[in-house]
1. Does any residue of region 72-89 turn out to be touching a helix residue (DSSP H, G or I) at 6+ places or on another chain (Cβ under 7 Å), part of a loop (DSSP other than H, G, I, E, B) and on the phi < 0 side of the Ramachandran plot?
2. For region 196-207, check the following and say yes or no: at least one residue is touching a helix residue (DSSP H, G or I) at 6+ places or on another chain (Cβ under 8 Å), closer than 18 Å to His101 by Cα, in contact (Cβ under 8 Å) with a residue 24 or more places away in the chain and among the small types (Gly, Ala, Ser).
3. Just to be sure before I move on: is Leu190 assigned to a helix (DSSP H, G or I) and either closer than 26 Å to Tyr82 by Cα or in contact (Cβ under 8 Å) with a residue 40 or more places away in the chain (or both) in the structure I sent?
4. Among the listed residues Tyr74, Tyr151, Tyr177, Tyr82, identify the single one that is among the hydroxyl-bearing types (Ser, Thr, Tyr), touching a residue at least 60 places away in the same chain (Cβ under 8 Å) and within 26 Å of Val12 (Cα to Cα).
5. Of these, Gly156, Gly166, which one is surrounded by fewer than 16 Cβ atoms within 10 Å (Cβ to Cβ) and more than 16 Å from the chain's Cα centre (by Cα)?
6. Check Gly111, Gly136, Gly126, Gly102 and return the single one that is out of contact with any Lys or Arg (no Cβ under 6 Å at 6 or more places or on another chain), without any contact (Cβ under 8 Å) to a residue 40 or more places away in the chain and part of a helix (DSSP H, G or I).
7. Which residue out of Ala37, Ala52 is small (Gly, Ala, Ser) and surrounded by 13 or more Cβ atoms within 10 Å (Cβ to Cβ)?
8. Going by the conditions given, is Trp159 within 24 Å of Ser208 (Cα to Cα), of a type in the set (Phe, Trp, Tyr) and either assigned to a loop (DSSP other than H, G, I, E, B) or touching a His at 6+ places or on another chain (Cβ under 9 Å) (or both)?
Amino acid sequence: MMPLTFPEIDPVIFSLGPLQVRWYGLMYVLGFLASYALVRRQIGEYKYQPLAAHFENLNLVLLLMVVVGGRLGYVLFYNFSYYLAHPLEIPATWTGGMSFHGACIALLLGGWIYCWKNSIDFWKTGDIYAATLPIGLGLGRIGNFINGELYGRATGMPWGMVFPGGGPSPRHPSQLYESLLEGFVLFVLLWSVRKKPWKKDRSWPHGSILALFLIGYGCLRIVVENFREPDQQLGYLFNLVTMGQLLSGLMVICGLLVWKVRLGRTS
């Protein structure tokens, strides 16, 4: 059976002189807009005035954290030796290289500092934002697919696809696996349980949805990494796991700790 042919979509939607509008950047914008709308909706549902008063400013802080944390995470976790030798290239985000785990750490840290300084409940706020994050993650993976990057390992499955730059072998379209699992499936899970009671007489403690996001994303990413080509400059760590699996495992542990700490508290 012939492998599927990669749909050669121009990564650039249109150009205005030196300015290029790319599908990957558009996916980030759409993810942010979706999160913005759903967070605002939840603020209205919960009548959460402390967050409403700081909504716009907090969004700016979190958006900055995504960019800075994502870039520094890639530098530190995935290509440290290169950027140690070329430090002036660290701010060059347009050349590619972002890490979700770095962005996640920065989001949590930046969000906690902002909430602490402005007397906002971090755990409740974290739940509201965490329920919306998978949308942006799913869209971002579609952007990776359009770019033909972060493709999967070689496969003989009938849906294997030959990617530009991936050699002649058909490969798993692992970006689409991630978009489905880390995006759609995780969003449906978090959004469907956020207002349901944990037990008959107890609501979810604040921080539970955030914990579920950390656990859910970490577990799904560990699974999908088995189909994704390891980063060329790293390969397998300890001849066993990829960097993505290692970081996701730590993410699951953090989620379980948050779950344990918050589980005894009611809303």
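Every number in this text was worked out from the coordinates using simple rules, so none of it is lab data. These figures come from a predicted structure and were not determined experimentally. Using ideal geometry, Cβ is built from the backbone for each residue, glycine included, and neighbour counts are taken over all protein chains shown.
1. Checking region 72-89: not a single residue is touching a helix residue (DSSP H, G or I) at 6+ places or on another chain (Cβ under 7 Å), part of a loop (DSSP other than H, G, I, E, B) and on the phi < 0 side of the Ramachandran plot.
2. There is no residue in region 196-207 that is touching a helix residue (DSSP H, G or I) at 6+ places or on another chain (Cβ under 8 Å), closer than 18 Å to His101 by Cα, in contact (Cβ under 8 Å) with a residue 24 or more places away in the chain and among the small types (Gly, Ala, Ser).
3. Yes: the conditions hold for Leu190.
4. Going through Tyr74, Tyr151, Tyr177, Tyr82 in turn, just one is among the hydroxyl-bearing types (Ser, Thr, Tyr), touching a residue at least 60 places away in the same chain (Cβ under 8 Å) and within 26 Å of Val12 (Cα to Cα): Tyr151.
5. Values: Gly166 fails: surrounded by fewer than 16 Cβ atoms within 10 Å (Cβ to Cβ).
The conditions single out Gly156.
6. Values: Gly111 fails: without any contact (Cβ under 8 Å) to a residue 40 or more places away in the chain; Gly136 fails: without any contact (Cβ under 8 Å) to a residue 40 or more places away in the chain; Gly126 fails: without any contact (Cβ under 8 Å) to a residue 40 or more places away in the chain.
Result: Gly102 is the single residue among Gly111, Gly136, Gly126, Gly102 that is out of contact with any Lys or Arg (no Cβ under 6 Å at 6 or more places or on another chain), without any contact (Cβ under 8 Å) to a residue 40 or more places away in the chain and part of a helix (DSSP H, G or I).
7. Ala52
8. Working: within 24 Å of Ser208 (Cα to Cα): no; of a type in the set (Phe, Trp, Tyr): yes; either assigned to a loop (DSSP other than H, G, I, E, B) or touching a His at 6+ places or on another chain (Cβ under 9 Å) (or both): yes.
For Trp159, the condition - within 24 Å of Ser208 (Cα to Cα), of a type in the set (Phe, Trp, Tyr) and either assigned to a loop (DSSP other than H, G, I, E, B) or touching a His at 6+ places or on another chain (Cβ under 9 Å) (or both) - is not met.
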